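The values are calculated or read from the model by the stated rules, or taken from the named source; none is laboratory data. For clarity, every value in this text was computed on a predicted model and none was experimentally measured. So basically every Cβ, Gly included, is an ideal-geometry build from the backbone, and we count neighbours across all protein chains shown.
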């Protein structure tokens, strides 16, 4: 059966309208970005703003090309990327496991709650000197900082998702003789999938914050190192280039999570 025979005319018109709206939104997004870059470049070229302070798109491209030519671009990007991904996956895995334990044991949850609140409110940068003493001045300290930034967020988000499970459904399963493990695996974990995706999205930003913050404190390579070094020697083109690279990497990582969300929704509906 052909596609146009599967759906009604009204439904096809609706789908076309949705596609047109999506295309329109994407075109406007690109147009706004290009307009911003154009105004920025013209302002720098005409000296409406001081290009030494604000840099410009052309100077950023030239700086990134210079980093590529001297062979340091992928070295710094790779260093920050693996530190970020390592901290991200560790924080997500450990946070999910701890949230499961907190859901499983009410006593453990009530004991841990005030400590989680305090740790969540604690500025992690204050632990910087201790992290250096504990982990040294290498990548371990940066990964540890990244885990600290994202761990509590992962725990609290997933715990909220587990606790938001419909109590009526839990009672129904209990009345049918389901064990706590069956309730967890058949109901609580599947129903918390939206919270899991939301937690991943939040932790993307947290992971980059943690890795860059760690590189601010102690690093010999990475995007955070380029930002600190560029600021110290007043190479603001280098600083802006590093920030641009950081934005691109964070956007790509977020896009991967968004793609996983679409796949999860598609599988859930099928």
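Kindly establish whether residue 30 is surrounded by fewer than 15 Cβ atoms within 10 Å (Cβ to Cβ), at pLDDT 85 or above, in a helix (DSSP H, G or I) and out of contact with any helix residue (DSSP H, G or I) (no Cβ under 8 Å at 6 or more places or on another chain). Taking the combined requirement at face value, the residue satisfies it. Note on region 167-187: residues that are part of a helix (DSSP H, G or I) and under 20 Å from residue 97 (Cβ atoms) amount to 8.
Restricting the first member to region 183-201 and to residues that are more than 20 Å from residue 156 (Cβ to Cβ), and the second to residues that are part of a loop (DSSP other than H, G, I, E, B), the beta-carbon pairs closer than 9 Å and six or more apart or on different chains are 183/165; 186/178; 187/165; 187/166; 187/178.
Among the residues of this structure, residue 37 counts as one that is under 25 Å from the mean Cα position of the chain (by Cα) and in contact (Cβ under 8 Å) with a residue 12 or more places away in the chain.
When restricted to residues that are farther than 23 Å from residue 142 by Cβ and exposed (fewer than 12 other Cβ atoms within 10 Å of the Cβ), region 100-125 contains 7. Taking the listed residues 151, 156, 173, the one that is touching a helix residue (DSSP H, G or I) at 6+ places or on another chain (Cβ under 7 Å) and free of Cβ contacts under 8 Å to residues at least 40 places away in the same chain is 173, with no other qualifying.
Of the residues making up region 244-270, those that are more than 21 Å from the chain's Cα centre (by Cα) and part of a helix (DSSP H, G or I) number 4.
Residues in region 43-60 that are in a loop (DSSP other than H, G, I, E, B) and either in contact (Cβ under 8 Å) with a residue 40 or more places away in the chain or surrounded by 10 or more Cβ atoms within 10 Å (Cβ to Cβ) (or both): 48, 49, 50, 55, 56.
Would you be able to say whether some residue in region 234-243 is outside any helix (DSSP H, G or I) and under 19 Å from residue 77 (Cα atoms)? Yes, the conditions are met somewhere in region 234-243.
Which residues, taken from region 61-84, are assigned to a helix (DSSP H, G or I) and over 24 Å from the mean Cα position of the chain (by Cα)? Within region 61-84, 61, 62, 63, 65, 66, 67, 68, 69 meet the criteria.
The number of residues in region 207-229 being surrounded by fewer than 24 Cβ atoms within 10 Å (Cβ to Cβ) and in a helix (DSSP H, G or I) comes to 8.
For (1) part of a helix (DSSP H, G or I); (2) modelled with pLDDT of 90 or more; (3) in the same structural domain as residue 228 (by TED's automatic domain parsing), each residue gets a yes or a no:
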{"residue": "36", "(1), (2), (3)": "yes, yes, no"}
{"residue": "41", "(1), (2), (3)": "yes, no, no"}
{"residue": "86", "(1), (2), (3)": "yes, yes, yes"}
{"residue": "99", "(1), (2), (3)": "yes, yes, yes"}
{"residue": "107", "(1), (2), (3)": "yes, no, yes"}
{"residue": "110", "(1), (2), (3)": "yes, no, yes"}
{"residue": "114", "(1), (2), (3)": "yes, no, yes"}
